[in-house]
Amino acid sequence: GTVGGFSGKLVDYPFDTVKVLLQTQNSLGSQTQQKSPKHTKIKQPPVYRGAIHCLKHTIKTNGVLSLYKGLPAPLLGSMAENSVLFLSYGEVKRRLGEKPGEKELSIFELACSGAVAGGIASFFLNPFEVIKVQMQVM
(Lines give C-alpha, C1' and ligand atoms only; values in the text may rest on other atoms or scores of the structure.)
Protein backbone atom coordinates (compact mmCIF):
# COMPACT_ATOMS: atom_id res chain seq x y z
CA GLY A 1 0.00 0.00 0.00
CA THR A 2 2.77 2.42 0.88
CA VAL A 3 4.77 1.81 -2.33
CA GLY A 4 1.60 2.09 -4.40
CA GLY A 5 0.72 5.41 -2.81
CA PHE A 6 4.24 6.73 -3.40
CA SER A 7 4.29 5.65 -7.07
CA GLY A 8 0.81 6.94 -7.81
CA LYS A 9 1.58 10.35 -6.33
CA LEU A 10 4.73 10.71 -8.45
CA VAL A 11 2.67 10.16 -11.61
CA ASP A 12 -0.43 12.23 -10.82
CA TYR A 13 1.14 15.15 -8.93
CA PRO A 14 1.93 17.34 -11.99
CA PHE A 15 -1.72 17.09 -13.08
CA ASP A 16 -2.84 18.03 -9.58
CA THR A 17 -0.51 21.04 -9.64
CA VAL A 18 -2.05 22.21 -12.93
CA LYS A 19 -5.54 21.76 -11.47
CA VAL A 20 -4.68 23.81 -8.38
CA LEU A 21 -3.04 26.56 -10.46
CA LEU A 22 -6.14 26.79 -12.67
CA GLN A 23 -8.47 26.86 -9.66
CA THR A 24 -6.54 29.56 -7.84
CA GLN A 25 -5.43 31.80 -10.71
CA ASN A 26 -8.17 34.41 -10.17
CA SER A 27 -7.81 34.51 -6.40
CA LEU A 28 -4.04 34.94 -6.66
CA GLY A 29 -4.31 37.70 -9.26
CA SER A 30 -6.88 39.79 -7.39
CA GLN A 31 -5.91 43.19 -6.12
CA THR A 32 -7.58 45.21 -3.43
CA GLN A 33 -8.26 48.86 -4.16
CA GLN A 34 -9.36 51.55 -1.76
CA LYS A 35 -12.44 53.31 -3.22
CA SER A 36 -14.52 53.99 -0.15
CA PRO A 37 -14.66 52.71 3.39
CA LYS A 38 -15.12 49.27 1.80
CA HIS A 39 -12.36 47.46 -0.07
CA THR A 40 -13.25 46.40 -3.59
CA LYS A 41 -11.55 43.51 -5.36
CA ILE A 42 -10.67 43.96 -9.02
CA LYS A 43 -10.50 40.75 -11.02
CA GLN A 44 -7.51 40.30 -13.26
CA PRO A 45 -7.87 38.40 -16.53
CA PRO A 46 -7.02 34.70 -16.21
CA VAL A 47 -3.37 33.81 -16.65
CA TYR A 48 -4.10 30.42 -18.20
CA ARG A 49 -6.42 29.60 -21.10
CA GLY A 50 -6.73 25.95 -20.13
CA ALA A 51 -4.89 22.94 -18.72
CA ILE A 52 -2.45 22.52 -21.62
CA HIS A 53 -1.62 26.24 -21.64
CA CYS A 54 -1.10 26.15 -17.85
CA LEU A 55 1.20 23.13 -18.17
CA LYS A 56 3.28 24.71 -20.96
CA HIS A 57 3.41 28.12 -19.24
CA THR A 58 4.47 26.62 -15.91
CA ILE A 59 7.24 24.54 -17.50
CA LYS A 60 8.43 27.49 -19.62
CA THR A 61 8.51 30.02 -16.78
CA ASN A 62 9.47 27.86 -13.79
CA GLY A 63 10.85 24.59 -15.20
CA VAL A 64 9.61 21.01 -15.08
CA LEU A 65 10.48 20.57 -11.42
CA SER A 66 8.02 23.33 -10.50
CA LEU A 67 5.24 20.84 -11.29
CA TYR A 68 6.46 18.91 -8.25
CA LYS A 69 6.57 21.91 -5.90
CA GLY A 70 5.27 20.89 -2.49
CA LEU A 71 5.54 17.15 -3.22
CA PRO A 72 6.92 15.91 0.14
CA ALA A 73 3.71 16.57 2.10
CA PRO A 74 1.41 14.66 -0.29
CA LEU A 75 3.97 11.86 -0.66
CA LEU A 76 3.93 11.32 3.08
CA GLY A 77 0.18 11.77 3.08
CA SER A 78 -0.37 9.27 0.29
CA MET A 79 1.85 6.68 1.91
CA ALA A 80 0.05 7.20 5.22
CA GLU A 81 -3.35 7.17 3.51
CA ASN A 82 -2.78 3.83 1.81
CA SER A 83 -1.36 2.31 4.96
CA VAL A 84 -4.35 3.48 7.01
CA LEU A 85 -6.74 2.45 4.21
CA PHE A 86 -5.50 -1.14 4.02
CA LEU A 87 -5.19 -1.48 7.79
CA SER A 88 -8.68 -0.14 8.49
CA TYR A 89 -10.23 -2.14 5.61
CA GLY A 90 -8.85 -5.36 7.07
CA GLU A 91 -9.96 -4.41 10.58
CA VAL A 92 -13.51 -3.53 9.50
CA LYS A 93 -13.80 -6.82 7.60
CA ARG A 94 -12.55 -8.69 10.67
CA ARG A 95 -15.11 -6.94 12.90
CA LEU A 96 -17.87 -7.83 10.45
CA GLY A 97 -16.97 -11.46 10.98
CA GLU A 98 -14.76 -12.38 8.04
CA LYS A 99 -12.62 -15.43 8.67
CA PRO A 100 -10.40 -16.31 5.70
CA GLY A 101 -11.19 -19.80 4.45
CA GLU A 102 -14.24 -20.09 6.74
CA LYS A 103 -16.66 -17.17 6.39
CA GLU A 104 -16.63 -14.80 3.42
CA LEU A 105 -18.40 -11.42 3.57
CA SER A 106 -21.20 -10.47 1.19
CA ILE A 107 -20.69 -7.84 -1.50
CA PHE A 108 -22.66 -5.37 0.64
CA GLU A 109 -20.44 -6.03 3.67
CA LEU A 110 -17.31 -5.61 1.54
CA ALA A 111 -18.68 -2.33 0.17
CA CYS A 112 -19.41 -1.12 3.70
CA SER A 113 -15.89 -2.11 4.76
CA GLY A 114 -14.45 -0.08 1.89
CA ALA A 115 -16.65 2.91 2.66
CA VAL A 116 -15.70 2.95 6.34
CA ALA A 117 -12.00 2.49 5.51
CA GLY A 118 -12.18 5.33 2.95
CA GLY A 119 -13.76 7.63 5.53
CA ILE A 120 -11.09 6.82 8.08
CA ALA A 121 -8.29 7.34 5.53
CA SER A 122 -9.67 10.67 4.29
CA PHE A 123 -9.89 11.89 7.89
CA PHE A 124 -6.13 11.32 8.23
CA LEU A 125 -5.30 12.66 4.74
CA ASN A 126 -7.04 16.06 5.01
CA PRO A 127 -4.21 17.90 6.82
CA PHE A 128 -1.72 16.74 4.16
CA GLU A 129 -4.04 18.00 1.39
CA VAL A 130 -4.29 21.45 2.97
CA ILE A 131 -0.50 21.72 3.21
CA LYS A 132 -0.12 20.49 -0.37
CA VAL A 133 -2.45 23.11 -1.85
CA GLN A 134 -0.80 25.89 0.13
CA MET A 135 2.64 24.85 -1.11
CA GLN A 136 1.50 24.49 -4.74
CA VAL A 137 0.30 28.08 -4.99
CA MET A 138 3.31 29.67 -3.28
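The values are calculated or read from the model by the stated rules, or taken from the named source; none is laboratory data. The structure displayed is predicted, hence computed values, not measured ones. Note: ideal-geometry Cβ built from the backbone for every residue, glycine included; neighbour counts use all protein chains shown. Just the protein is used for accessible areas: all its heavy atoms, side chains included, with ligands, DNA and RNA removed. Shrake-Rupley method; radii C 1.70, N 1.55, O 1.52, S 1.80 Å.
Structure remark: mean-square fluctuation, Gaussian network model of the chain, C-alpha springs under 10 Å; the largest value among Leu21, Leu75, Leu105 belongs to Leu105. Taking a 20 Å limit on the Cα-Cα distance, which of the listed pairs Lys9/Lys60; Lys19/Lys132; Lys69/Lys132 fall beyond it? Those over the limit are Lys9/Lys60. Axis of helix 107-136 versus longest Cα principal axis of the chain: the two differ by about 30°, to the nearest ten degrees. Ordering of 117-128, 83-94 by packing is 83-94, 117-128, highest average first (other Cβ atoms within 10 Å, averaged per residue).
To put it simply, the accessible area of the chain at a 1.4 Å probe is 66 percent carbon and sulfur. Estimated from helical segments only, the mean residue ellipticity of the chain at 222 nm is -24000 deg cm²/dmol, where each DSSP H run of four or more residues counts as -39500 (n - 2.57). Computed from Cα atoms, the angle from the helix 72-95 axis to the main principal axis of the chain rounds to 30 degrees. Farthest towards the positive end of the charge dipole of the chain, among the residues Ala73, Val133, Thr2, is the Cα of Val133, using unit charges on the Cβ of Lys, Arg, Asp and Glu.
Each label point was placed 7 Å from the Cα along the Cα-to-Cβ direction; for Lys99 and Val11 their separation is 3.9 nm. May I ask for the angle, rounded to the nearest 10°, between helix 51-62 and the longest principal axis of the chain, with both axes built from Cα atoms and the value confined to 0 to 90°? On a 0 to 90 degree scale, this one is about 70.
What does the net charge come to around Ser78 if you take all other residues with beta carbon closer than 14 Å to its beta carbon, with K and R at +1 and D and E at -1? Surrounding charge for Ser78 is -2. Mean projected area of the Cα convex hull of the chain, taken over all directions, amounts to 12.1 nm².
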